[in-house]
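The values are calculated or read from the model by the stated rules, or taken from the named source; none is laboratory data. Since this is a predicted model, take the numbers as computed values, not measurements. Cβ: placed from backbone, ideal geometry, glycine included. Neighbour counts: every protein chain shown. Protein only, heavy atoms only, side chains kept; ligands, DNA and RNA dropped before computing areas. Shrake-Rupley method; radii C 1.70, N 1.55, O 1.52, S 1.80 Å.
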Number of protein chains: 2
Amino acid sequence: VSRHLLDYGDPLGFMPLREAIATYLREARAVRCEAGQVMVVSGSQHGLDLATRLLLDPGDRVWLEDPGYLGARGALMAAGARLVPVPVDGEGLEVARGIRVAPDARLAYVTPSHQYPLGVTMSLARRLALLEWARARRAWIVEDDYDSEYRYTGRPLASLQGLDRHGRVIYVGTFSKVLFPALRLGYVVVPPALVDAFAAARGLVDRHPPSVTQAVLAEFIAEGSFARHVRRMRMRYAEQQAALVEAARHKLDGVLEVSPAEAGMHLVGWLPSGADDRAASGTAQQVGVEAPALSTFRLRRSGRCGLLLGYAAWAPSELRAAVDTLAAALRCVRS
Amino acid sequence: VSRHLLDYGDPLGFMPLREAIATYLREARAVRCEAGQVMVVSGSQHGLDLATRLLLDPGDRVWLEDPGYLGARGALMAAGARLVPVPVDGEGLEVARGIRVAPDARLAYVTPSHQYPLGVTMSLARRLALLEWARARRAWIVEDDYDSEYRYTGRPLASLQGLDRHGRVIYVGTFSKVLFPALRLGYVVVPPALVDAFAAARGLVDRHPPSVTQAVLAEFIAEGSFARHVRRMRMRYAEQQAALVEAARHKLDGVLEVSPAEAGMHLVGWLPSGADDRAASGTAQQVGVEAPALSTFRLRRSGRCGLLLGYAAWAPSELRAAVDTLAAALRCVRS
């Protein structure tokens, strides 16, 4: 083993991996970056935690998608932020609403490629409005591109970061979804002006990521295995999603409205208006089906109820069986 | 590969590794712990950062050994602590002085087994006084046992944690010194009452440590390879230290006073009174010898000057050659 893989390493990560990630992100996500801006982290949660600690002071207001990702909410609360829930519609985060409610927010957390959990893609108009607000107010945007690899129709969408001309976007991604969570490797693309500050902070937090796993992953990407893996999984997940959608249309009609999605690893099943999604989720859990309630991801108690249906971890036959089970259980409750 | 090594894991770490660490610490360090109290972290810096974030509020006062470990200083400053430097004498941290200056401190950071950088072992009387202060004031003690494995004379000393009967000590250790830094694995032994809080915080910070390296290390410890490695390295480092001490006595007499140490991976070389250790360290660096100035580890501008001489990374012949080089360079400066 080379000595440089044993000794303390660069706080931003192993350079060959940072180069492989930069190349991948430029090509696949239109991220504008050099390897020097890439910080390797232990998954996206680690990236969110580092970014929010560094960029926020206690009491700072932060826009948060509502409904939104609970891990981001936790990291922001740990940093002492005051959360400003901003609703999400068919075009993504309602930027105008955010500006009306909290124009002076210091940061906005968004999942523009595939909103978590609703699955919406943020429109170009909204992206430009968000970037313009950040530029004018010198606010930061954290773009969490947690499952961007899995887009099934058309070309993968460009990242929000790729549209940024003023260094306001911190782009966060992870290998947890596309490879496996226990790898604990993700990345943050940092605006050039923040690179030194991130490196210094990282040194105090946990010094640097483990070198051997970084070296293995760098090789895996460089030799093309990563790209092959993504293509193969994309085909498999598309089949699994199709199986889930078809089974749901046959078996869950009138109980749960499930539409196909262009991207991601889960679908939203909408419940009839007036239904209680936490009760429905509890019923599902009792028959062995994990289907989190959409309302648990909401900060405000409003909006239509639904269930999250993950399909990445199961074969089509397993998904069909789960839909059968779920249909029987939910119909029981209704009647 | 088992599925549980791929999916999200326990925020406190992989249970077989936590069990192996608990067994090792009970036997080798007289730490009082169950596996459930062990949190696997990415090295001791990560443990210090997690502990200080969780236990301190901005503005809290903290006792810090002076001179002391710079990484701890950085983590404490990042947590917003007000640093209270407490001098170290031949018995370790001067507890009575700490109580006089800042009785209401919320935390004390200490390296009782082998003070960094002076190499002193904290006396039993001081340990008991420190624990009594923490009990009475409900303060926390962070015990950093960073190189406890390498003790060359007599039995390894018991940990401070092993004397604690009131759950005030957070014990931090690392595999960086005894295996290799780039592994990024260390551990924190948490008082039972804090385990749930540490687990919740960890989930928000970076979720959990990488599973595969944890599984490999658990196996390495369980099969006895770790204990063999420590014994072998302990013999090798003892020889290296002896070579350094002997060479220094012959070649550095009157320039640098080097005494043997019972433990650790470095010695302190004391400069004649009135000498400037930063200048001497600069001279050493110019001839290719890394010997950090003791004064860089001090918060107050007082105390005798010296150089830190690490010996773990070099063979006896390399150490002798380095002493020759250093002697020539330092004599040049003096004359």
**Report entry** Residues of region B:105-128 satisfying the condition of being farther than 25 Å from B:Val268 by Cα and open to solvent by 10 Å² or more (accessible area, probe 1.4 Å)
**Finding:** B:Arg106, B:Leu128
**Report entry** Among residues of region A:298-319, those that are within 22 Å of the chain's Cα centre (by Cα), open to solvent by 20 Å² or more (accessible area, probe 1.4 Å) and not basic (Lys, Arg), counted
**Finding:** 7
Query raised in the report: Using beta carbons and a limit of 6 Å, which pairs, at least six apart or on different chains, have the first residue in region B:276-287 and at negative phi and the second one assigned to a helix (DSSP H, G or I)?
Result: B:Asp277/B:Leu294; B:Asp277/B:Ser295; B:Thr283/B:Ala329; B:Thr283/B:Val333; B:Ala284/B:Leu326; B:Val287/B:Thr325; B:Val287/B:Ala329
Query - All helices (runs of 4 or more DSSP H) inside region B:1-104 with 2 or more residues being surrounded by fewer than 19 Cβ atoms within 10 Å (Cβ to Cβ) and either in contact (Cβ under 8 Å) with a residue 40 or more places away in the chain or more than 14 Å from chain A (Cβ to nearest Cβ) (or both) - result: B:15-29, B:95-101
**Report entry** Selection within region B:142-185 - among the small types (Gly, Ala, Ser) and more than 14 Å from chain A (Cβ to nearest Cβ)
**Finding:** B:Ser148, B:Gly154, B:Ala158, B:Ser159, B:Gly162, B:Gly167, B:Gly173
Query raised in the report: Which one of these does A:Asp147 not meet: (1) open to solvent by less than 10 Å² (accessible area, probe 1.4 Å); (2) assigned to a helix (DSSP H, G or I)?
Result: (2)
Requested in this report: Would you mention how many residues in region A:163-185 are open to solvent by 10 Å² or more (accessible area, probe 1.4 Å), of a type in the set (A, V, I, L, M, F, W, C) and modelled with pLDDT under 95?
Outcome: 3
Requested in this report: Test A:Ala136 against the criterion of being outside any loop (DSSP other than H, G, I, E, B), within 14 Å of chain B (Cβ to nearest Cβ) and open to solvent by 30 Å² or more (accessible area, probe 1.4 Å), and give yes or no.
Outcome: no
Query raised in the report: Name the pairs: first residue in region B:200-218 and closer than 16 Å to A:Thr52 by Cα, second residue of a type in the set (D, E, K, R) and open to solvent by 10 Å² or more (accessible area, probe 1.4 Å), Cβ to Cβ under 9 Å, at least 6 apart or on different chains?
Result: B:Ala201/B:Arg53; B:Val205/B:Arg53
Query raised in the report: Would a scan of region B:255-272 turn up a residue that is among the hydroxyl-bearing types (Ser, Thr, Tyr), under 22 Å from B:Gly68 (Cβ atoms) and surrounded by fewer than 20 Cβ atoms within 10 Å (Cβ to Cβ)?
Result: yes
**Report entry** Conditions (1) touching a residue at least 60 places away in the same chain (Cβ under 8 Å); (2) at positive phi; number of the one not met by A:Ser176
**Finding:** (2)
Report task. Would you confirm whether any residue within region B:154-162 is touching a strand residue (DSSP E or B) at 6+ places or on another chain (Cβ under 7 Å), assigned to a loop (DSSP other than H, G, I, E, B) and surrounded by 24 or more Cβ atoms within 10 Å (Cβ to Cβ)? Result -> yes
Report task. Please give the number of the condition B:Val255 fails out of (1) in a loop (DSSP other than H, G, I, E, B); (2) over 18 Å from B:Ala321 (Cβ atoms). Result -> (2)
Query raised in the report: Among the residues of region B:243-275, how many are aliphatic (A, V, I, L, M), more than 21 Å from B:Ser295 (Cα to Cα) and without any contact (Cβ under 8 Å) to a residue 60 or more places away in the chain?
Result: 1
Report task. Find the residue count for region A:293-324, including only residues that are part of a loop (DSSP other than H, G, I, E, B) and in contact (Cβ under 8 Å) with a residue 40 or more places away in the chain. Result -> 8
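Matching residues to (1) among the charged types (D, E, K, R); (2) touching a Ser or Thr at 6+ places or on another chain (Cβ under 7 Å); (3) at pLDDT 90 or above:
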residue: B:Arg236; (1), (2), (3): yes, no, yes
residue: B:Ala247; (1), (2), (3): no, no, yes
residue: B:Glu257; (1), (2), (3): yes, no, yes
residue: B:Gly269; (1), (2), (3): no, no, yes
residue: B:Ser273; (1), (2), (3): no, no, no
residue: B:Ala279; (1), (2), (3): no, no, yes
residue: B:Ser295; (1), (2), (3): no, no, yes
residue: B:Leu299; (1), (2), (3): no, no, yes
Report summary line: The condition from (1) among the small types (Gly, Ala, Ser); (2) open to solvent by less than 50 Å² (accessible area, probe 1.4 Å); (3) under 29 Å from A:Pro112 (Cβ atoms) that A:Gly282 misses is numbered (3)
Query - Extreme residue, farthest from the other protein chains (Cβ to nearest Cβ), among residues of region B:186-215 that are crowded, with 24+ Cβ neighbours inside 10 Å and part of a loop (DSSP other than H, G, I, E, B) - result: B:Val190
Query raised in the report: Out of all the residues in region A:228-236, is one or more closer than 21 Å to A:Pro292 by Cβ, part of a helix (DSSP H, G or I) and open to solvent by 30 Å² or more (accessible area, probe 1.4 Å)?
Result: no
Requested in this report: Of the numbered conditions (1) touching a helix residue (DSSP H, G or I) at 6+ places or on another chain (Cβ under 9 Å); (2) more than 21 Å from A:Gln115 (Cβ to Cβ); (3) open to solvent by less than 60 Å² (accessible area, probe 1.4 Å); (4) part of a helix (DSSP H, G or I), A:Leu244 fails exactly one; give the number of that condition.
Outcome: (2)
